[in-house]
Amino acid sequence: MSPAQRCGLALWAALLSVVVCLVFLPMSRMVAVLALLAILGGIAAFWYVASRRAEYDVTSYLDNLPDATYRQPVVLVCGDLPLAWPQQSQVLTVTQGCWIRVEDDLELGPMARQVLWQRPAWGRQLSVMVCVCPQKHADSEVLTSRLLALRWQISQLRKETGHSVPLVLNGQIGSAMMSDTLWQLAIAGEEVRVWHESSKPRSIAAWVSTCGAPAMQQQVLMNSLMSWFHQHVTAVFMDENPDVSPISPTAVLWGMGPILTGNLTSSAWTVWLSRHTAMQQVTGWQPVEADSTMASPFPDFVLPLLPEECGLTSRDKALRCALNLFTLAAIAALLSSGWNNCQLLHRVSFDIAHYNQLSMVDYGPKADAVAVLRDDAAQLDGWARNGVPARMSLGLYQGERLRITLLEAIRSYVPPPSPPESQPKAEPVPKIICLDSMSLFDSGKSELKPGSTKLLVNSLVGIKAKPGWLIVVAGHTDNTGNPILNQTLSLKRAEAVRDWMRDTGDMPESCFAVQGYGAGRPIATNDTPEGRARNRRVEISLVPQVDACQLPGKPSASSQDDGASQHNGE
């Protein structure tokens, strides 16, 4: 991938991050900005590391490479060469394609990255050919080690580049019985074909029947080469290995010519022939000594047979990465939009449920609840007129399904009746005193804090014991924890407040009623810390009740007390 493509991908990822973090994420603006900065820092670090890696991967520059528009096969040649390389440059361009010599087997990966760095569009036409000349190897085990190293490098090359780099195996020997080079080619699904400079490709049977006894003698030696090559080369790439996956060759070539540079008198090939055949007694099985720079060391005819379209170009890889980044950003945006809509549904549903739970004669709380519903309706109406915000959109908006239910709840509200002008204005009922539990008690405790006395004295000025009035002390908790333990804790806290009032005011216990509701009567949502804090409370109120609180030494209360009418049927 070129530096420009990497830079473009980094900018694309940064743009998608800005959109997702600042528009869709269900969090405060400050947190969204911090998350965006962290993501942008990660993108910058990744881009820097990728750029430095690409810079250090290329250690030298290949000369004489064809132009970037070159579309014929390009083959990296590893292993042995039967003849000397015909020129000083590592690049040899012929009519059918381009050969690139890799002197050291360990340089296969860096050489491939170097070629793709100079020609990023060559990924689909890149192949590897491994050449083995058995007459150049004295030890079969050393050869196996070299081939295993090449197998690992080819596997790594496929993973790193993302291209399915085809493998061509080439085995060549020299024999004085040959006047020119003879090639035989095996491709999966096809029979072995004979390639000869003086004739068209044909089957082995047709070649032997046409050329007679010399061809039969040459084929015997070629069959020996095929057997040795399958056992010592092909099997190394195809056998199962827990560390490296098998590599199936696209084509297997066997060549036999009169000249072989670097032939050993005693080699692994010589040992194998002596054990399995009698070819050592046949005249001319060894190569001749001649100038090896005049003949071509490569089977050029195999180049047009190599598969094309077997990988992704650098541009295709960049587009695929860009599409993957867009898909990831779209998934994050959809999840965020879904979460935002779930929160909207939960909030409005809670407001409607809280409104419906209140009695219509409970005028104050009912009016507060309907005011909240009107605010919700105003927000939904504004979105319906001006458009849904992006963080709620992407086809997941759920506000429309709530509007009808919300409006019906608002229409059901009945304002409190105005008092008749002829009747005297009734004395207002004392308000309910609501005390924060965390100001009175430690978390999970029911004993009053040492500093809670001042708060109780200041808050309970409006609560006075009256004959015929019952002092109701009710404890409430949030929904955190076990419901049974919460109900018990709320009751014990209400009893603690009752005991303090009883002992401080010297009132009989009959003046009090203690209730523990646990989390059963929330006044706010339990999904936020603020709502849970409001739900943790102790409420103290006065309820008219005949003879509920009879002070010592005073007569029983009548049906009227301090202006509070208790007449029945009147």
Subset of region 488-520, residues surrounded by 15 or more Cβ atoms within 10 Å (Cβ to Cβ) and within 44 Å of the chain's Cα centre (by Cα), comes to G518, A519
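This table checks each residue for (1) open to solvent by 40 Å² or more (accessible area, probe 1.4 Å); (2) touching a Gly at 6+ places or on another chain (Cβ under 7 Å); (3) without any contact (Cβ under 8 Å) to a residue 60 or more places away in the chain.
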| site | (1), (2), (3) |
| --- | --- |
| A371 | yes, no, yes |
| R374 | yes, no, yes |
| L380 | no, yes, yes |
| R385 | yes, no, yes |
| L394 | yes, no, no |
| A409 | no, no, yes |
| P415 | yes, no, yes |
Scanning region 6-32 residue by residue, those modelled with pLDDT of 80 or more and among the hydroxyl-bearing types (S, T, Y) turn out to be S17
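Go through P297, P287 for me and flag whichever is modelled with pLDDT under 90 and open to solvent by less than 10 Å² (accessible area, probe 1.4 Å).
On the way: P287 fails: open to solvent by less than 10 Å² (accessible area, probe 1.4 Å).
Every option except P297 fails the conditions.
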Taking region 203-229 and keeping only residues that are surrounded by 15 or more Cβ atoms within 10 Å (Cβ to Cβ) and either in a strand (DSSP E or B) or under 48 Å from the mean Cα position of the chain (by Cα) (or both), one is left with F229
Screening V233, V252, V271 for residues that are assigned to a strand (DSSP E or B) and either of a type in the set (A, V, I, L, M, F, W, C) or open to solvent by 40 Å² or more (accessible area, probe 1.4 Å) (or both) leaves only V252
What do you reckon, is L460 at pLDDT 75 or above, open to solvent by less than 100 Å² (accessible area, probe 1.4 Å) and not polar (S, T, N, Q)?
no
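Identify all residues within region 133-154 that are touching a residue at least 60 places away in the same chain (Cβ under 8 Å) and under 19 Å from P246 (Cα atoms); write none if there are none.
Going through region 133-154, the residues touching a residue at least 60 places away in the same chain (Cβ under 8 Å) turn out to be 133-140, 143-144, 146-148, 150-152, 154.
Answer for region 133-154, where residues must be touching a residue at least 60 places away in the same chain (Cβ under 8 Å) and under 19 Å from P246 (Cα atoms): L143, T144, R146, L147, L148, L150, R151, W152, I154.
The values are calculated or read from the model by the stated rules, or taken from the named source; none is laboratory data. Keep in mind it's a predicted model, so treat the numbers as computed, not measured. As a convention, Cβ positions derive from the backbone with ideal geometry for all residues, glycine included, and neighbour counts pool all protein chains shown. Please note that ligands, DNA and RNA were not included when accessible areas were found on the heavy atoms of the full protein model with its side chains. Shrake-Rupley method; radii C 1.70, N 1.55, O 1.52, S 1.80 Å.
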